Structure formats: C-alpha cells, structure tokens
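Student: Dropping the structure in here first, questions after.
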Amino acid sequence: MRNKDKIDLYEGDITSLNVDVIINAANNSLLGGGGVDGAIHRMAGPELLKECRTLGGCATGEAKITRGYNLKARYVIHTVGPVWRGGGNMENERLTNCYKHCFELIRQYNLKSAAFPAISTGVYGFPKSLAAKIAIQETRQALDANSKLKKVILTCFNPESKKAYEEALS
Ligand code: AR6
C-alpha cells in the first residue's frame, strides 16, 4: 500500500473513531478543557481525568499517552499545541514537535492506526492552512519511517479545515 493511501480525511467527531489511538489537543494542565479536549474527556469518562492527574501536566510541543477508557480507541495521546501569537514565537516548530512526539509514541507502542484533530487551530488560533501543511508533512515522514503504521486519519471538524488539508495534500 502506498503511503498516500494511508492518509484519510474524515469530517466528523474524532471520539467516534475506531482506531488504536486518538490524539487530544490538550492544554498544559492535561486536566481537560473545551473543544476536542472536552469531547474526548466526555466520551472517555472520568477515569481518563483520573489518569491525567497522575501525569504532572505536559509542556507545549510534548505528548503523553493514556488509556482510552470508554472510547473505542485503546489509547489517547495528549499533546499541547502552541497558542498562535503572530508566528514569531516558534509556533511552527512547536506544532511540528507535537506531531513528531505523537508519532514517536505511536511507534513505541506499535500502534497501527491513529486519528488526529487539527491541533492548535481552534481556541489556540493557529492558521488552518499552515497547520495543515505541517500535519501532512509530519504524517508523510512518519509513514515513511514506520511501516507498522497503516492508517492516519486527519479529522476536519469544519469546512475550512477540510479545504486546508485538501490543499496541503495536493
Ligand atoms: N472532533 C474532531 N475535531 C474537533 C472536535 C471533535 N469532537 N471538537 C473540536 N474539534 P480546539 P486547540 C476541532 O479548540 O486550538 C481546549 O480547551 C476544532 O474545530 O479543540 O489546540 C484545550 O483544553 C479545531 O479544528 O484545540 C486547550 O485549552 C481543532 O479540533 C485548547 O482548547 C482544535 O480545536 C486547545 O486549543
């Protein structure tokens, strides 16, 4: 299977997906929030927050893994994207690091399928087209480096995200 065919775009709620791991766009506390973070915690149930409390938070650009509890996904990787502050504050590098650290955990845990939200592009205000380019670039690199990874789903929760991913893929 070509790597191109291992990337899917999915319009909808990431919490419904039956994959080995879903990625959460969290904040430094890892204690929940709004957006996709809120949706994941609601669907996973209170045990997820209990495990998150043991992790001691997470630095921007880093990632930590937990179980998925009531989600269909076996695991959740929590990563913290940068807040967009105009582009001169290492935002690109930090978002790139989020993807790199998530794919590193995916490799360590031998996971075959993963679904990502458009990290940082909601409340954190990262431009969607730039974020999509970074997501696609890092996904392609990870697929090249890890033959055990068979499917990466990029979820587009709004039409602008879908357009951004389609442009970045072409
Ligand atoms: N499934 C897939 N994507 C979703 C879902 C969902 N259920 N809900 C929202 N999105 P955001 P951020 C999309 O704001 O910008 C939280 O409060 C959304 O449309 O969730 O990284 C955290 O605790 C957007 O495209 O995350 C942090 O404090 C993308 O997910 C802060 O928000 C990311 O939007 C993180 O901000």
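Student: Where residues in region 15-45 are touching a helix residue (DSSP H, G or I) at 6+ places or on another chain (Cβ under 9 Å) and in a loop (DSSP other than H, G, I, E, B), which of them is farthest from the ligand (Cβ to nearest atom)?
Tutor: Start the filter on region 15-45 by keeping residues that are touching a helix residue (DSSP H, G or I) at 6+ places or on another chain (Cβ under 9 Å), which leaves 15-16, 20-27, 29-33, 36, 39-44.
Keeping just the survivors that are in a loop (DSSP other than H, G, I, E, B) gives 20, 26-27, 29-33.
Values: D20: 17, A26: 5, N27: 3, S29: 8, L30: 9, L31: 8, G32: 6, G33: 2 Å.
Of everything passing the filter in region 15-45, D20 is farthest from the ligand (Cβ to nearest atom).
Student: Being at pLDDT below 95, open to solvent by 50 Å² or more (accessible area, probe 1.4 Å), out of contact with any Ser or Thr (no Cβ under 9 Å at 6 or more places or on another chain) and hydroxyl-bearing (S, T, Y) is the requirement here; does S147 meet it? Write out each step before concluding.
Tutor: Details: at pLDDT below 95: no; open to solvent by 50 Å² or more (accessible area, probe 1.4 Å): yes; out of contact with any Ser or Thr (no Cβ under 9 Å at 6 or more places or on another chain): yes; hydroxyl-bearing (S, T, Y): yes.
It is false that S147 is at pLDDT below 95, open to solvent by 50 Å² or more (accessible area, probe 1.4 Å), out of contact with any Ser or Thr (no Cβ under 9 Å at 6 or more places or on another chain) and hydroxyl-bearing (S, T, Y).
Student: While we're looking at this one, here's another question. Scan region 1-14 for residues that are of a type outside the set (D, E, K, R), at pLDDT below 95 and either open to solvent by 60 Å² or more (accessible area, probe 1.4 Å) or in a loop (DSSP other than H, G, I, E, B) (or both) and report the count. Before the answer, list the steps.
Tutor: Filtering region 1-14 down to residues of a type outside the set (D, E, K, R) leaves 1, 3, 7, 9-10, 12, 14.
In the following step, the residues that additionally are at pLDDT below 95 were identified as 1, 3.
Add one more test, that the residue is either open to solvent by 60 Å² or more (accessible area, probe 1.4 Å) or in a loop (DSSP other than H, G, I, E, B) (or both), and what stays is 1.
Looking only at that region, the number is 1.
Student: Six or more apart or on different chains, Cβ atoms under 6 Å: show the pairs whose first residue is in region 50-64 and under 14 Å from C102 (Cβ atoms) and whose second is among the β-branched types (V, I, T).
Tutor: From residues that are under 14 Å from C102 (Cβ atoms), the pairs are C58/V80; T60/V80; A63/I77; A63/T79.
Student: Among the residues of region 74-81, are any small (G, A, S) and under 25 Å from K4 (Cβ atoms)?
Tutor: First, the residues of region 74-81 that are small (G, A, S): 81.
Those still in the list that are under 25 Å from K4 (Cβ atoms) too: none.
For region 74-81, residues small (G, A, S) and under 25 Å from K4 (Cβ atoms): absent.
Student: Testing G81 on (1) part of a helix (DSSP H, G or I); (2) open to solvent by less than 70 Å² (accessible area, probe 1.4 Å), one condition comes back false. Which one is that?
Tutor: Here G81 meets the rest and fails (1).
Student: If you scan region 116-170, which residues turn out to be farther than 27 Å from G86 by Cβ and either away from the ligand (no atom under 15 Å from the Cβ) or assigned to a helix (DSSP H, G or I) (or both)?
Tutor: Taking region 116-170 first, the residues farther than 27 Å from G86 by Cβ are 140, 142-153, 170.
Of everything in region 116-170, those that are farther than 27 Å from G86 by Cβ and either away from the ligand (no atom under 15 Å from the Cβ) or assigned to a helix (DSSP H, G or I) (or both) turn out to be R140, A142, L143, D144, A145, N146, S147, K148, L149, K150, K151, S170.
Student: Could we say that K50 is part of a loop (DSSP other than H, G, I, E, B), surrounded by fewer than 22 Cβ atoms within 10 Å (Cβ to Cβ) and among the basic types (K, R) here? Full working, then the answer.
Tutor: On the way: part of a loop (DSSP other than H, G, I, E, B): no; surrounded by fewer than 22 Cβ atoms within 10 Å (Cβ to Cβ): yes; among the basic types (K, R): yes.
In short, no.
Student: Any residue that is open to solvent by 50 Å² or more (accessible area, probe 1.4 Å) and either of a type in the set (V, I, T) or part of a strand (DSSP E or B) (or both) - is there at least one of those in region 63-73?
Tutor: Taking region 63-73 first, the residues open to solvent by 50 Å² or more (accessible area, probe 1.4 Å) are 64, 67, 69-70, 72.
This time we only want the ones that are either of a type in the set (V, I, T) or part of a strand (DSSP E or B) (or both), so: 64, 67.
For region 63-73, residues open to solvent by 50 Å² or more (accessible area, probe 1.4 Å) and either of a type in the set (V, I, T) or part of a strand (DSSP E or B) (or both): present.
The values are calculated or read from the model by the stated rules, or taken from the named source; none is laboratory data. Keep in mind the model is a prediction, meaning the values are calculated, not measured. As a convention, Cβ positions derive from the backbone with ideal geometry for all residues, glycine included, and neighbour counts pool all protein chains shown. Note: areas computed on protein heavy atoms with side chains; ligands, DNA, RNA excluded. Shrake-Rupley method; radii C 1.70, N 1.55, O 1.52, S 1.80 Å.
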